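Just below is one structure, and these are the notes that go with it.
The values are calculated or read from the model by the stated rules, or taken from the named source; none is laboratory data. Being a predicted model, the structure only gives us computed values, none of them experimental. Neighbour counts run over all protein chains shown; Cβ positions are idealised from the backbone, glycine included.
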Amino acid sequence: MANFRSLGVVTLSFLGVGCAAGSVPAKAPESFSAVHQAPADNLDKLSNEQLVDKLLVQTGSAQLGEQIFDAMVVQFQGMQNLPPTFLQHLKEGMNPDELTALIRPIYLKAYDRKTLLAVVRFYDTEEGKKVIVGLPRVMSEAMAVGQKWGKDLADKALAASRPPATPATPATPATPQP
């Protein structure tokens with residue numbers, strides 16, 4: 001039973017991997033809007049769902065299911081007491097498109113059509129492609145900085161929460177008894 005609990009923890013931990021929140025300006029720079037007006041890229045003919053799918057492919061997020069699965073398999077291979085056919089059944093049930101189908105509504109809820117079009121068009125530019133290539137390194141470094149910042153903050157809060165140490169009173173020497 002404990003093994004299946006750890007199985008759930010491993011699964012949930014991998015599903016949580018790869019998500020990071022960032023700060024986005026409230027308004028795109030004017031030059032971005034002016035440059036990306038009505039291009040002849042046929043994106044306007046795509047549905048919102050198709051735009052999200054294109055965005056997921058552009059950013060590499062479409063491969064997220066495969067990456068999560070591969071990491072899960074490695075983790076599970078090291079676990080003792082799993083049923084012998086577990087990994088075989090896991091591999092048979094692997095369908096990355098299922099995760100894409102689960103993620104798509106999140107994007108549709110978060111972004112309107114105008115935003116989806118602008119982002120897909122941006123990622124089709126040389127600058128957008130550079131952002132995609134550099135983003136994993138930037139996020140990795142930002143995560144490391146954020147973890148150190150959080151640890152330092154927690155250490156300071158812990159130190160401030162402790163009662164002040166009372167100075168030890170020196171022991172008085174015993175006086176000899178006559």
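Looking at the range 110-157, which of its residues are within 17 Å of Ser61 (Cα to Cα) and among the basic types (Lys, Arg)?
Arg121, Lys129, Lys130, Arg137 - these are the residues of the range 110-157 that are within 17 Å of Ser61 (Cα to Cα) and among the basic types (Lys, Arg).
Identify, from the list Gln80, Gln88, the residue that is exposed (fewer than 11 other Cβ atoms within 10 Å of the Cβ), among the polar types (S, T, N, Q), more than 21 Å from the chain's Cα centre (by Cα) and part of a helix (DSSP H, G or I).
The match here is Gln88.
With respect to Leu158, determine if the residue is assigned to a helix (DSSP H, G or I) and hydrophobic (A, V, I, L, M, F, W, C). Can you show your working first?
On the way: assigned to a helix (DSSP H, G or I): yes; hydrophobic (A, V, I, L, M, F, W, C): yes.
Judged against the criteria, Leu158 is a match.
Select, from Gly93, Gly128, the only residue that is under 30 Å from Glu49 (Cβ atoms) and touching a Phe, Trp or Tyr at 6+ places or on another chain (Cβ under 6 Å).
Every option except Gly128 fails the conditions.
Could you identify the single residue in Phe86, Phe69, Phe122, Phe76 that is closer than 16 Å to Lys54 by Cα and aromatic (Phe, Trp, Tyr)?
Within the list Phe86, Phe69, Phe122, Phe76, the selection yields Phe122.
Mind listing whichever residues of the range 66-94 are among the polar types (S, T, N, Q) and free of Cβ contacts under 8 Å to residues at least 12 places away in the same chain?
Gln77, Thr85, Gln88, listed by residue number.
For the subset of the range 50-62 comprising residues that are exposed (fewer than 15 other Cβ atoms within 10 Å of the Cβ) and modelled with pLDDT under 95, which member is nearest to Arg113 (Cα to Cα)?
It comes out as Val57.
Could you please find all residues in the range 128-156 being over 20 Å from the mean Cα position of the chain (by Cα) and either aromatic (Phe, Trp, Tyr) or surrounded by fewer than 10 Cβ atoms within 10 Å (Cβ to Cβ) (or both)?
The answer is none; no residue qualifies.
If Thr166 satisfies every condition in (1) of a type in the set (Ser, Thr, Tyr); (2) part of a helix (DSSP H, G or I); (3) surrounded by fewer than 10 Cβ atoms within 10 Å (Cβ to Cβ) but one, which is the exception?
(2)
I'd like to know if the range 4-27 contains one or more residues that are at pLDDT 50 or above, assigned to a helix (DSSP H, G or I) and surrounded by 13 or more Cβ atoms within 10 Å (Cβ to Cβ).
no
What are the residues in the range 94-104 that are modelled with pLDDT under 90, exposed (fewer than 15 other Cβ atoms within 10 Å of the Cβ) and assigned to a helix (DSSP H, G or I), if any?
Passing the criteria: Asp97, Glu98.
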